[in-house]
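Asker: Can you keep this structure in mind? I'll have questions shortly.
Quick note: the coordinates plus some simple rules give every number you see, no bench work behind them. The model shown is predicted, which means the values in this text are computed figures rather than measured ones. Using ideal geometry, Cβ is built from the backbone for each residue, glycine included, and neighbour counts are taken over all protein chains shown.
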Amino acid sequence: MIDDPLQMNDWGIRKFLVVVFVIQISLLGLAALGGLGITIPILPQVFGFICLTFLPGIVILRIMRMHRLGSIITVLYTVGISLAFNMFLGLLINSLYPAIGIAHPISPAPLFATWTIALGLLCVGAYLRDKNYSYPNDWKLAELLSPSVLFFILLPLLAIAGANAVNYYHNNIVLLVLMALIALIAIVIISTKFIPAHLYPVAVFSIALAFLWHNSLISNHLTGYDIFTEYYYYSQVVQNGYWDQAIPHTYNAMLSIAILPAVYTYFLNMSGEAVFKIVYPLLYALVPLALYIIYDRSLGSKRAFAASFFFMAIYVFYLTMTSLARQMVAELFFVLLIMLIIDKQITSSRKILFILFGASLVVSHYSLSYIFMAFLILSVMMLYIFKEHQSQITIYSVILFSVICLAWYVFVSSSAPLHSIVDLGKRIYQNVGANFLDMFSRDAMSYLATPSQNTVHLINRIVYYLMLFFTAVGVLRLLPGRNNNFSREYQAFAVGSYALLAACIIVPFFSQALNADRMFHIAIIILAPFTILGFEDTLKALGRLIRFSNHDILRSVSKISMSLLLALFFLFNSGFIFEVAHDPWVSSLPLTLGAIEENKRDIQIERKISIRKICPAEQEILAARWLANYKEGKLPVYATFGDIRVPSLTAYGLIPGEKTRPILPPNSNSDIGHGYIYLGYVNVIYGYGMTDWSLLKERSGGTWDITELDPVLTKSLKVYNNGASVIYLSP
């Protein structure tokens with residue numbers, strides 16, 4: 001096996017502990033040198049990442065005596081356990097240390113000392129529990145550094161180079177080459193035997209990381225939506241040196257953005273921006289790898305790769321998820337739980353992992369926890385109906401997960417996560433009667449009803465509808481008597497995923513909990529194999545319809561056509577085709593930002609504004625930081641914004657969205673009292689104001705001419721101006 005050397009939990013205990021000790025001492029030594037002003041590039045980040053992400057998990061696997069898991073599963077479990085260890089250790093010292101006089105527990109000295117002592121104690125436990133185990137394996141460094149592996153490693157490097165080319169030279173050629181190369185690799189793997197199957201996991205991870213980094217590394221600052229608010233609550237922890245769990249906000253209740261990034265910041269000596277832009281995508285790239293392992297058990301390697309690629313090809317994976325730090329971490333625990341559930345080896349160690357990963361999911365993302373709870377309940381019901389007794393899912397596991405979930409959400413952040421689901425339930429109940437026949441009360445139906453802008457968009461929509469059709473056909477594999485290799489537990493989760501998609505279409509306002517595209521993304525985690533099977537079943541039905549009986553040719557045609565369709569689907573989702581066609585309604589931030597910066601193309605102003613809403617300009621961030629440093633007392637800040645917050649003000653001005661006052665056109669300027677008026681790039685350069693749609697009553701659009709503010713601005717004092725962002729002090 002190419003990856004046998006990665007199974008450190010199978011080494012002799014002495015050799016194992018020596019390696020752990022050397023890595024830990026190296027990290028402490030680099031930290032000491034940094035304290036003396038001696039900085040060594042890259043090494044602190046490398047050793048810090050290895051220590052935090054692998055050492056606790058691999059040592060705990062030794063304590064649990066979990067051996068010969070297979071190297072990929074070993075890595076996945078190791079990372080999952082390590083992330084859980086870091087979050088809960090941070091929670092523990094945050095709760096206990098203030099009582100003994102340590103006012104800032106989430107700071108370098110307490111974290112380093114506690115983490116080092118805790119790992120040392122774990123090593124002692126590993127020695128006592130597992131000192132007699134050793135399973136010899138050969139180091140195959142030549143295979144690890146083979147040309148094939150090095151070629152796949154090239155993909156993330158191309159993503160880094162391409163993102164930097166856009167950032168500094170406004171040139172997207174490298175990224176376009178990367179997108180074409182990934183599409184070609186998918187075609188070759190699915191339709192030929194040119195690439196051996198043992199390299200498929202390497203291909204999946206490398207493609208995933210390239211996908212994620214090509215988007216997350218665009219701009220030197222944060223990009224996206226929720227990540228700005230997540231960064232705000234992370235900043236509160238870093239600035240204060242502790243996590244205030246009483247702050248009533250759902251994001252603040254998540255250790256995945258309150259504790260975990262702070263720990264990585266200190267151990268890796270990296271800025272918070274770098275942790276969110278580099279480390280989190282690196283961790284999230286393990287999700288498609290885990291899905292490949294899950295799919296491979298039922299589909300075989302080629303189908304498993306095709307299903308994994310389909311999951312990654314949906315734009316939510318790399319254009320949306322990179323701005324949802326808490327969900328990136330939560331999805332890793334979600335797929336690890338699925339791995340445990342479909343594992344028929346029910347042992348006490350796996351039960352412990354189920355509890356650990358379940359608790360970690362709860363403290364990582366509330367919405368995904370609620371969905372997982374619903375899936376568990378549905379699974380228990382189906383397993384009872386089919387009289388399946390040997391399962392990881394029992395009524396007791398459902399009760400335990402539910403208790404952990406509700407207990408955390410009740411007692412943290414003033415029950416904000418619990419209130420969120422209650423409020424959603426109330427909204428659905430209040431609107432289900434009055435709006436049931438209003439199709440536009442569903443996000444999904446709004447997307448389907450939006451007309452195509454041109455021929456390119458029409459083809460894109462047809463391809464998307466085809467994939468949805470194949471996903472729908474795949475549900476037939478769940479009918480009694482149909483041949484499939486999925487476990488009862490997985491089938492139950494598939495039923496739940498189809499029900500989730502159906503609810504987005506049928507139930508008014510349901511999809512607004514995460515919005516329709518993110519709901520589809522979550523469902524496809526489970527349903528991607530059924531999309532591939534639905535494609536094959538459709539092709540077989542067509543073959544029977546035209547009475548074509550040569551099965552070998554049909555299988556070859558199926559592989560080739562599937563690979564071409566998936567590649568086309570990916571090229572549309574990535575924005576490659578829109579960029580090559582110079583489409584004015586661009587969709588990809590990485591491929592389009594350079595053209596917007598250079599103003600070289602005819603791009604619709606609505607799209608430019610949309611891009612700027614998720615990618616603040618450097619000048620906006622500088623203005624926001626000026627406000628953070630020089631804002632007078634508790635004076636309010638007024639701004640124009642198109643959704644729930646002003647990204648630059650939230651993340652860099654440390655002014656949360658709920659404390660930013662909106663400027664509403666055209667007759668509401670009298671509502672602007674004594675305070676600061678913040679104008680960003682869209683206001684100053686494009687000349688437009690933006691207003692949250694939920695605040696509009698009589699106007700038909702969310703943008704308006706910024707000159708409507710002139711009566712107020714002429715009476716105000718200009719206190720900051722950098723050419724693309726201006727701040728006024730209103731009398």
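Asker: Report, in listed order, any pair from LYS613/LYS659; LYS302/LYS559; LYS131/LYS344; LYS193/LYS559 with a Cα-Cα distance greater than 20 Å.
Answerer: As for pairs spanning more than 20 Å Cα to Cα, those are LYS131/LYS344.
Asker: How much net charge surrounds GLY543 when only the other residues with a Cβ under 11 Å from the Cβ of GLY543 are counted, with Lys and Arg +1 and Asp and Glu -1?
Answerer: Here the charged neighbours net out to +2.
Asker: Can you give me the C-alpha center-to-center distance between segment 498-574 and segment 345-423, rounded to a whole angstrom?
Answerer: Here the two parts' Cα centres lie 28 Å apart.
Asker: Restricting the calculation to Cα positions, tell me the Rg (one decimal) and the Dmax (whole number) of segment 4-140 in Å.
Answerer: Cα radius of gyration and Dmax of segment 4-140 are 15.9, 51 Å respectively.
Asker: Dipole of the chain, Cα-centred, from +1 at each Lys and Arg C-beta and -1 at each Asp and Glu C-beta, to the nearest 20 debye?
Answerer: The calculated dipole for the chain is roughly 1480 debye.
Asker: Which value at 222 nm does the chain reach when only helices count, each DSSP H run of 4 or more adding -39,500 (n - 2.57), with the total divided by all residues and rounded to the nearest 500 deg cm²/dmol?
Answerer: About -20000 deg cm²/dmol.
Asker: What percent do you get for the relative contact order of segment 616-730 when only Cα pairs under 8 Å and 6+ apart count?
Answerer: Over segment 616-730, the number comes to 30 percent.
Asker: On to the next question. Taking Cα pairs under 8 Å and at least six residues apart, what relative contact order does the chain come out at, in percent?
Answerer: 13
Asker: Mind putting a number on the dipole of segment 616-730 about its Cα centre? Charges go on the C-beta only, +1 for Lys and Arg and -1 for Asp and Glu, and I need it in Debye to the nearest 20.
Answerer: 320
Asker: Also: I'd like to know which of PRO110, ALA84, GLY48 lies farthest towards the positive end of the charge dipole of segment 4-140, counting +1 on Cβ of Lys and Arg and -1 on Cβ of Asp and Glu.
Answerer: Of the options given, the answer is ALA84.
Asker: If R₀ is 56 angstrom, what is the calculated FRET efficiency for the pair ILE355 and ALA581, using the beta carbon separation as r and rounding to 0.05?
Answerer: 0.65
Asker: Also, quick follow-up: In a shell of Cβ-Cβ distance under 12 Å around LEU340, excluding LEU340 itself, what net charge do Lys and Arg (+1) and Asp and Glu (-1) give?
Answerer: Net of charged neighbours comes to +1.
Asker: Here's another thing I want to ask about it. Under 15 Å Cα to Cα from LYS387, which aspartates and glutamates show up? Leave out anything in the same chain fewer than 8 places away.
Answerer: Straight-distance partners of LYS387: GLU489.
Asker: Quick one: plug the Kirkwood hydrodynamic radius of the chain (C-alpha pairs) into Stokes-Einstein at 37 °C, 0.692 mPa s, and report D in µm²/s.
Answerer: 120
Asker: Which distance in Å, rounded to a whole number, links the C-alpha centroids of segment 235-269 and segment 277-334?
Answerer: 25
Asker: Report the full-extension gain for the segment HIS419 to HIS170: residue separation times 0.36 nm, less the Cα-Cα distance, to one decimal in nm.
Answerer: 85.2 nm
Asker: In the chain, if the dipole is taken from +1 on Lys/Arg beta carbons and -1 on Asp/Glu beta carbons about the Cα centre, which of ILE506, VAL362, THR394 is farthest to the positive end?
Answerer: Value computed over the given set: THR394.
Asker: Turning to a different aspect of this structure: Quote to one decimal, in nm, the extra length available between ASN483 and ILE399 on full extension: 0.36 nm per residue of separation minus the C-alpha distance between them.
Answerer: Result for the pair: 27.0 nm of gain on full extension.
Asker: For the charge dipole of segment 616-730, defined by +1 on Lys and Arg C-beta atoms and -1 on Asp and Glu C-beta atoms about the Cα centroid, which residue among VAL682, LEU654, SER725 has the Cα displaced farthest towards the positive pole?
Answerer: So the residue we want is LEU654.
Asker: While we're here: Given Cβ point charges of +1 (Lys, Arg) and -1 (Asp, Glu) and nothing else, what value in debye, to the nearest 20, does the dipole of segment 309-424 about its Cα centre take?
Answerer: The dipole magnitude comes to about 240 debye.
Asker: Something else about it: Please give, to one decimal in nm, the separation of the simple spin-label points placed at ALA32 and LYS426, each 7 Å out from Cα toward the Cβ.
Answerer: Rounded to a tenth, the inter-label distance reads 5.8 nm.
Asker: Enumerate the aspartates and glutamates that LYS634 could reach by cross-link, defined here as Cα to Cα under 19 Å, with residues fewer than 8 away along the same chain left out.
Answerer: In chain and number order, the partners are GLU658, ASP671.
Asker: Let me ask something else about it. Suppose the chain between ALA472 and SER549 were pulled fully straight at 0.36 nm per residue; how much longer would it get relative to their current alpha carbon spacing?
Answerer: So the chain would gain 25.2 nm between ALA472 and SER549.
Asker: Same structure again: Need one number: the % of Cα-Cα pairs in segment 616-730 sitting beyond the 18 Å mark.
Answerer: Of the Cα pairs, 44 percent sit more than 18 Å apart.
Asker: Mind checking which helices in the chain clear 30 Å along their axis (Cα) and have mean Kyte-Doolittle hydropathy of 1.0 or more, DSSP H runs only?
Answerer: The answer, listed by residue number, is 13-35, 71-96, 108-130, 147-169, 551-573.
Asker: Kindly put TYR234, TYR490, TYR127 in sequence by how many other C-beta atoms sit within 10 Å of each C-beta, fewest to most.
Answerer: The fewest-first ordering by Cβ neighbours comes to TYR127, TYR490, TYR234.
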